[in-house]
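Asker: The following block contains the structure, expressed as structure tokens.
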Amino acid sequence: MSRWVLNLLFIVLVGSILAFAPLGYRTYEPVQKNNQAVEALNARKYDEAIALLSDAMANNPDNGVFRDNLLAAYNGKAVEAEKSSEGDKALGWYEKGLSLDPTNQILLQNYVTALNNMAVHQSNERNFPESQGMFERAGKRLAEVKDEGVRKEIQKNYSSLLALWGAELMKRDQYDQAKTAFNQALELNGQNPTAAIYLGDLFYEADAYEDARRLYALAMEHDKTNATYLKDRLAMIEDESKVQALFKKAEDSKKRFLIQYVDYNNGTPIEEILEMLNDAYDDVGKKLGIYPARHVNVKIYEGEDFYKISRLPEWAVGIFDGKMRLRVEDIQSGPAQVRDLLYHEYTHAVLAMNVKQKVPAWFHEGLAQLMEPQFAENAGEQTQMRAALARKQLSFEVLKESFRELGSRQDAENAYLLSKYFLASLNRTHGTKKMNTWIAEMTTTESKFEESFHRIYGEEVEDAQEKWIKSQVRN
């Protein structure tokens, strides 16, 4: 947020304000103190000037020259304190000046600017409540500042802070408070794209398509960086809104899942689907120590609609992208296969809702397979994976991003096997407790994925992968 720092008006009240009293008045003690204070001010001896002028004002409180010079002394002392990084002291001196002249524009502008700069500093340190408190103090005096540019800049900065604070609240699973922060951010700056995207995402996850569409469209006008994401989301809303009427809803008495599904006759009944999802909630939660902070939106589509909305390749059978999306054809398989699918996709959901940093796709897919009830290591799979490694058809670097870009079903199968067996090897070598510690760190800190791995396993993730690949090819 450092780019939001405003330049202080390092303006000392000079000229006609910093004035010696007329010569004829110098015989009076208050006048002499004023004149001595002016000399002190010119020498930037603000404490001395304040003491002299305070005495002069005590004897002659209505003297405008004395008052204006004292205001200059308070302003100079405050600016000096700010330059010395003594923000709280600076605010105190500005407030003393404003108690004498509440409408003084230089003092007002410097005061709210100082609060702004301190708020930005606190935000950079991720002390969001402290930052918010300072912005609110500035806001109470902002209407009195006549310079529209200063007012707008501070409102813009406060809006940006509230968007960051909302994102932080989401990481803390405080979604209602996050919504409040995003709405406040947009009230202060209706062009804040960050707040619009976050709030749009929350509406989109809840199937509130019109609200999401409005916010994404607003963000599109002011954010070129996320243009592709926003275009995709707007296109998905267009497609989803067309099929929304096809869905039935299943009630979850435990309020963990919101299930919407197209009607079907064969396969696993929706009541059993819900039971399996609640089993996944309990079982995966016990194994990994993480749970969703809000309900998981589950949508079961006709195959054609699934691919159109998700934009996935034909080999994909599910995705979590804020919603857990499944094909109705896949829940018409045998119960064991359906259970594996639900545990797999639920693991993606609970990871996405808890992990506080970006993690590679191979980790997501590997862990999701480890959580499947029928997980087992298979000699045939290992032979297939080793052959792909020997031909250098696989690499963890390529598998950092989504598997949706993989060219064929065969490539996808190999990618899933690589992810599965590397994590299985970590568990076999180091134990599941260490992996759980790793996951716990990623859900409670913002350390980078690679840093967390190194801290828990004692080596770089790339080194661990290279050693494991060599062991597989050698075998």
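The values are calculated or read from the model by the stated rules, or taken from the named source; none is laboratory data. Just so it is clear, the model here is predicted, and its values are computed rather than measured. Positions of Cβ are generated from backbone atoms using ideal geometry, with glycine treated the same way; all protein chains shown enter the neighbour counts.
Asker: Kindly indicate the residue of the stretch 345-402 that is of a type in the set (S, T, N, Q) and closer than 20 Å to Asp321 by Cα and also nearest to the chain's Cα centre (by Cα) among those meeting that condition.
Answerer: Result: Gln357.
Asker: Something else about it: If you check Leu234 against the conditions, is it over 26 Å from Ala368 (Cα atoms), free of Cβ contacts under 8 Å to residues at least 40 places away in the same chain and among the hydrophobic types (A, V, I, L, M, F, W, C)?
Answerer: So Leu234 fits the description; yes.
Asker: Residue pairs, Cβ under 6 Å, 6 or more apart or interchain, first in the stretch 127-145 and under 23 Å from Asp101 (Cβ atoms), second surrounded by fewer than 19 Cβ atoms within 10 Å (Cβ to Cβ) and modelled with pLDDT under 90. List them.
Answerer: Leu142/Arg151; Val145/Arg151
Asker: Hey, does the stretch 114-131 have a residue that's within 26 Å of Ala37 (Cβ to Cβ) and either assigned to a helix (DSSP H, G or I) or not assigned by TED's automatic domain parsing to the domain that holds Asn59 (or both)?
Answerer: Within the stretch 114-131, one or more residues are within 26 Å of Ala37 (Cβ to Cβ) and either assigned to a helix (DSSP H, G or I) or not assigned by TED's automatic domain parsing to the domain that holds Asn59 (or both).
Asker: Something else about it: Looking at the stretch 261-274, which of its residues are loosely packed, with under 14 Cβ neighbours inside 10 Å and assigned to a helix (DSSP H, G or I)?
Answerer: Scanning the stretch 261-274 gives a single hit, Glu271.
Asker: Something else: Right, Trp438: of a type in the set (Phe, Trp, Tyr) and under 17 Å from Ile290 (Cα atoms) or not?
Answerer: yes
Asker: Check Asp211, Asp252 and return the single one that is of a type outside the set (Phe, Trp, Tyr), touching a helix residue (DSSP H, G or I) at 6+ places or on another chain (Cβ under 7 Å) and part of a loop (DSSP other than H, G, I, E, B).
Answerer: Answer to the selection: Asp252.
Asker: Taking the stretch 323-381, which residues are within 22 Å of Asn427 (Cβ to Cβ), touching a helix residue (DSSP H, G or I) at 6+ places or on another chain (Cβ under 7 Å) and not in a helix (DSSP H, G or I)?
Answerer: Val355, Gln357, Val359, Pro360, Met371, Glu372, Pro373, Gln374, Phe375, Glu377
Asker: Only one of these conditions is not met by Leu418: (1) touching a Leu at 6+ places or on another chain (Cβ under 7 Å); (2) farther than 25 Å from Ile319 by Cα. Which number is it?
Answerer: Status for Leu418: all satisfied but (2).
Asker: Which residue, of Leu288, Leu246, Leu258, Leu312, is closer than 21 Å to Pro373 by Cβ, among the aliphatic types (A, V, I, L, M) and either surrounded by fewer than 17 Cβ atoms within 10 Å (Cβ to Cβ) or not assigned by TED's automatic domain parsing to the domain that holds Asp411 (or both)?
Answerer: One residue alone meets the criteria, Leu288.
Asker: Here's a follow-up. Which residue pairs have Cβ atoms closer than 8 Å, lie 6 or more positions apart in sequence or on different chains, and pair a first residue in the stretch 460-472 that is within 21 Å of Glu377 (Cβ to Cβ) and modelled with pLDDT under 90 with a second residue that is part of a helix (DSSP H, G or I) and of a type in the set (Lys, Arg)?
Answerer: Listed pairs, sorted by first residue: Gln472/Arg386.
Asker: Looking for whichever is farther than 24 Å from Gly322 by Cβ and assigned to a loop (DSSP other than H, G, I, E, B) here; the options are Lys152, Lys146. Which one fits?
Answerer: Just one listed residue meets the conditions, Lys146.
Asker: OK, next. Please go through the stretch 387-418 and give me each residue that is surrounded by fewer than 14 Cβ atoms within 10 Å (Cβ to Cβ), farther than 23 Å from Ser310 by Cβ and in contact (Cβ under 8 Å) with a residue 24 or more places away in the chain, ordered by number.
Answerer: Scanning the stretch 387-418 gives a single hit, Ala390.
Asker: Answer yes or no as to whether Glu144 is exposed (fewer than 15 other Cβ atoms within 10 Å of the Cβ), of a type outside the set (A, V, I, L, M, F, W, C) and at pLDDT 90 or above.
Answerer: It is false that Glu144 is exposed (fewer than 15 other Cβ atoms within 10 Å of the Cβ), of a type outside the set (A, V, I, L, M, F, W, C) and at pLDDT 90 or above.
Asker: Only residues in the stretch 419-440 that are farther than 28 Å from Arg172 by Cα count as the first member; pair them with residues that are surrounded by 15 or more Cβ atoms within 10 Å (Cβ to Cβ) and of a type in the set (D, E, K, R), Cβ under 7 angstrom, at least 6 apart or cross-chain, and list the lot.
Answerer: These pairs meet every condition: Ser419/Glu365.
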